[in-house]
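In what follows, a structure is listed as structure tokens, so that the remarks can point back to it.
Each value in this text was obtained by applying a stated rule to the coordinates, not by laboratory testing. Treat the numbers as computed from the prediction; the structure is a model and nothing was measured. So basically every Cβ, Gly included, is an ideal-geometry build from the backbone, and we count neighbours across all protein chains shown.
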Amino acid sequence: MRFVLVTTVKDVRRRLADPAALVLWIGIPLVLSALLNFIAGTNSAAPRARLLIVDQDNTVLSRLIPTAAGQGNSPIDTQVVTLDQGRRLIDAGDATALLILPKGFQAAVFGTGAANLRLLTNPSQRILPGIVQQGSEVLVDAAFYVQRLFGGPIRRIADQTGKGPPDAADVAVIAVEINRQITALQGSLLPPVISVATKAADPAAAPTPNFGQVFLPGMLFMSFLFIASGMSGDIWDEKQHGTLRRLMATPQSPGSLLLGKLLAGAAVSAVVALVGLLAAVMQFDLAWSRVPLALVWCAFGSSAIMALLMVMQTSAGSQRGGELLASVLTFPLMMLGGSFFPFESMPAWMVGIGQWTPNGLAVARLKDLMYGSVSPAALGVAALGIGIPAAAAFALTWRRLWSFARA
Amino acid sequence: MIDVQHLRKQYGDLVAVNDISFTAEPGQILGLLGPNGAGKTTTIGCISGLLKPTSGRVSAMGHDVVADGPAARRHLGIVPQELALYEDLSAAANLEYWGSAYGMSGDTLRRRVGEVLELIGLADRGRDRTSKFSGGMKRRLNFGCGIVHSPRVVLLDEPTAGVDPQSRVRLLELVRQQAHAGATVIYTTHYMEEAQTLCDQIAIVDHGKLLASGTLDELRGLVGEKDLLRLTGRFEPAAASSALASLEHLEVLTVTADTLTIAATGASRKLPAIFSALAAAGAEIQETKLSVPSLESLFITLTGRELRE
């Protein structure tokens, strides 16, 4: 056991002799996370669409559109502009969409004419123009159904426009006609087949997840994957420099060497994890009491990943091949395991796969250990899920180390 | 001590070591002499336990290196042909690590590391990173790592390959010191003069076979008092052999279309007679090389070619 620790200390000292690699292992995840955060936006407020409306109809109905579009919880801010202003703003990318209500819009809605609505969208935006387009289509569909159902009364009202207030007989006829349509539809519309219950979430019970909660566990495991990839490749350095053959000629077991290397990886990862967890305590509301177990979990997870990568390294026929195999495993694990993108923003099918990768399993439980709750049983199952493949990989590497050293 | 009996190592159809046997006693330097590819490193690999013999038996200090590997390896110190060092660690850290690999620790290890640094002439550079060392210094440290645990058997695989003359002298002196201290030393080399000046026992190997072994004097005795005459040019092998058969105290060792090797007593005095006999046989001599009895001449006698070929 003493030689295991001696090997661990030796490998850690060798890592410290190469600070550039350490900086890269920690720096790459930081830079990637910063970029992702920048792309996703640092403001937690929901993005809003800016809709420019050109009103060429200038009727009662067309003047109602800007107000209606921005009502309630609508994510759309509207602004009435001239055609020139609208063109300039949309060309400059300063708006989400430009809606042109042509002359004859009201008449078309009332069923006495035809009109083409034109919607120009901003191609540099992806989601918000879609919202505006769908909103516009709903508006047109609504106009169509209103016209089909209440075309008669609407035309009567339209005919009265500009002729002063309608007399009592006209109002009565319109009212009777509308009532008749509603009565005819009652059988189809009532009672409603779908009922919607709106429940306001208690803000205290479901707090908005912060950066540390969403990104930090994945970021830490991205670092561990880089560390494991680099330090598992050290077995090739040992082989190329002849130290592996020399070690095999000593009375020590190859298992001691491998275990020492895994512990060295765990030690380096633990230092990185400690920095990350302390940052989470200071910036992202992590409780001090959760740090020790999270730290142990990080060290365990990283050494398990290193055991898996070490078997890949020793399977290759050359150092370059080993690096390639390790990368082939590392990057998909990062993508699926919640390191590049948090599980919260991944499609359900991807989460389904990712949560069962060794690092994904570790990331999910780390989130629980840091900010949620996890039962000892669930933690034990996760530990077995990570530990059993790692132990098998360790045994396989141990077994093939003699032939690897001789080759 | 080291005892090798009928050692054979085969890779597929290639027989790297073929039925080699020898014994080396404590305090003795046994040289394995042979050209590159003769099977020296494979033999060292089998002794150190890195390679599993196809057949035969190797024991170190009474422990079988296959059946009782860890116990045998505890007594071995390896100085490999290629440098086997952690260049990103200091000289002292390297020595400490390899000492730990043999179970040393604490004050014993620290004291021994200091002694070895002194011995290999790196006492003032012990804390320096190995990557900053010259080739000769690295060679000495490579040697130091092999003896830091005071092994009873030291295996040196061409430790002076590519070393400058000064470092070579220093390394050879270090090897002698190990033997004087009672260690059994197995030393592989393809340098004839190293084997002659350093080794108490010499085993000549080629193509995986042990051709001859013994002390330097015993091996010289195998050649006898005869000089070795090596001629190059153009020869008719049958005609050349029959032409020389009439000369007394002369033996044709090998003859091909372009080389002729002769062992003869007082060969220098016989040169005119040899030349005229060969001229009569239609031979054309381009180069003549005369050697007095030595390992070189023994190697040529045994293999028909020079060691460097």
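Near B:Val17, the amide H atoms lying under 5 Å from its own belong to B:Lys9; only residues 5 or more places off or on other chains count, and H is placed 1.01 Å from N. Using a Gaussian network model of chain B in which every pair of alpha carbons under 10 angstrom is joined by a spring, one finds that among B:Asp128, B:Asp88, B:Asp107 the greatest mean-square fluctuation is at B:Asp107.
Where is the GNM fluctuation largest for chain A (alpha-carbon springs, 10 angstrom cutoff): A:Ala175, A:Ala264, A:Ala249? With Cα springs under 10 Å in chain A, the top fluctuation among A:Ala175, A:Ala264, A:Ala249 is at A:Ala175.
Once both labels are positioned 7 Å from their Cα atoms along Cα-to-Cβ, the gap between A:Val60 and A:Ala172 label points is 2.2 nm. Counting neighbouring Cβ atoms within 10 Å and putting the fewest first, the residues A:Val363, A:Val176 line up as A:Val176, A:Val363. Tell me whether the protein assembly as shown comes out rounded, prolate or oblate; compute the Cα gyration tensor, take square roots of the eigenvalues as a ≥ b ≥ c, and use a/c under 1.5 as the rounded threshold. In terms of gyration-tensor shape, prolate.
If you take all other residues with their beta carbon under 9 Å from the beta carbon of B:Arg129, and give Lys and Arg +1 and Asp and Glu -1, the sum is -1.
When the protein assembly as shown is described by a simple charge dipole with +1 on each Lys and Arg Cβ and -1 on each Asp and Glu Cβ, the residue from B:Val4, A:Leu98, A:Ala68 located farthest towards its positive end is A:Ala68. Which FRET efficiency value, to the nearest 0.05, is calculated for B:Ser131 and B:Val66 with the Förster distance at 30 angstrom and r the Cβ-Cβ distance? For R0 = 30 Å, the calculated efficiency reads 0.25.
Remark: B:Lys132, A:Lys261 ranked as B:Lys132, A:Lys261, counting other beta-carbon atoms within 10 Å and listing the fewest first. Normalised by the number of residues in chain B, the average gap of Cα pairs under 8 Å and 6 or more apart makes the relative contact order 20 percent.
Quick check on region B:146-216: take the gyration tensor over C-alpha atoms, sort the square-rooted eigenvalues as a ≥ b ≥ c, and tell me if it's rounded (a/c under 1.5), prolate or oblate. Here region B:146-216 falls in the oblate category.
Placing a pseudo-label 7 Å from each Cα along the Cα-to-Cβ vector at B:Gln166 and B:Thr256 gives an inter-label distance of 4.2 nm. Measure nothing but the geometry: give the 0 to 90° angle between the long axis through the Cα atoms of B:267-280 and the longest principal axis through the Cα atoms of chain B, rounded to 10°. Once rounded, one gets 50 degrees. On a 0 to 90 degree scale, rounded to 10, what angle separates helix A:2-16 from the longest Cα axis of chain A? Between helix and principal axis, roughly 60 degrees. Secondary-structure-derived ellipticity at 222 nm for chain B, considering helices only, amounts to -11000 deg cm²/dmol, per-run term -39500 (n - 2.57) for DSSP H runs with n ≥ 4. Counting DSSP beta bridges in chain A, what percent are antiparallel, to the nearest 5? If I count the DSSP bridges inside chain A, around 30 percent turn out antiparallel. Loop-resident GluC sites (Glu not before Pro) (DSSP state other than H, G, I, E or B) in region B:107-182 with no more than 16 further Cβ atoms inside 10 Å of their Cβ are absent. Taking amide H atoms as placed 1.01 Å from N in the peptide plane, the amide H of B:Asp206 lies under 5 Å from those of B:Leu211, each 5 or more residues away in sequence or on another chain. Only bridges with both residues in region B:225-292 count here: give the DSSP antiparallel percent, nearest 5. So the antiparallel bridges in region B:225-292 amount to around 100 percent. Stretching A:Val275 away from A:Arg2 to a fully extended chain increases their span by 95.5 nm, per 0.36 nm per residue minus the current alpha-carbon distance.
The aspartates and glutamates whose alpha-carbon is closer than 18 Å to the alpha-carbon of B:Lys9, local same-chain residues fewer than 8 away aside, are B:Asp19, B:Asp64, B:Asp157, B:Asp206. Only one residue of B:His207, B:Ala16, B:Trp98 has its Cα farthest out toward the positive end of the dipole of region B:2-220, where Lys and Arg carry +1 and Asp and Glu -1 on Cβ, and that residue is B:Trp98. Across region B:116-179, the relative contact order, built from alpha-carbon pairs under 8 Å that are at least six residues apart, equals 36 percent.
When B:Ser55, A:Ser339 are arranged by Cβ crowding within 10 Å, least crowded first, meaning fewest neighbours, the order is B:Ser55, A:Ser339.
For chain B, give the share of DSSP beta bridges that are antiparallel, in percent and rounded to the nearest 5; count only bridges with both residues there. Just about 70 percent of them are antiparallel. Seen against the Cα atoms of chain A and their longest principal axis, helix A:128-160 is set at about 20 degrees. In a reduced charge model with +1 at each Lys and Arg Cβ and -1 at each Asp and Glu Cβ, the protein assembly as shown shows a dipole moment near 1240 debye about its Cα centre. Based on C-alpha pairs under 8 angstrom that are at least 6 apart in sequence, chain A has a relative contact order of 16 percent. The orientation-averaged shadow of the Cα convex hull for region B:2-220, equal to a quarter of the hull surface, comes to 11.6 nm².
With a ≥ b ≥ c the root eigenvalues of the C-alpha gyration tensor of region B:193-309, is it rounded (a/c under 1.5), prolate (a/b larger than b/c) or oblate? Since a/c reaches 1.5 and a/b is larger than b/c, the shape of region B:193-309 is classed as prolate.
Which lysines does A:Lys163 reach when only Cα atoms under 22 Å apart count, and residues fewer than 8 places away in its own chain are ignored? Of all the lysines, those that pass the test against A:Lys163 - Cα under 22 Å, at least 8 places apart if same chain - are A:Lys103.
For the pair region A:77-102 and region B:51-111, the centres of their Cα atoms are 80 angstrom apart.
Straight-distance candidates among the lysines for linking to A:Lys199, with alpha-carbon spacing under 29 Å and chain neighbours fewer than 8 residues away dropped: A:Lys367. Taking A:Gly27, A:Gly233, A:Gly104 as the candidate residues, the one with maximal mean-square fluctuation in a Gaussian network model of chain A, Cα springs under 10 Å, is A:Gly104. Amide H contacts for A:Ser339 (H built 1.01 Å from N in the peptide plane; partners 5 or more residues away or on another chain; cut-off under 5 Å): none found.
Pairs exceeding 24 Å between alpha-carbon atoms, taken from A:Lys239/B:Lys52; A:Lys261/B:Lys52; A:Lys10/A:Lys239; A:Lys10/B:Lys40: A:Lys261/B:Lys52; A:Lys10/B:Lys40. Local charge for B:Arg112 was computed over the other residues whose Cβ lies under 14 Å away, with Lys and Arg +1 and Asp and Glu -1, and equals -2.
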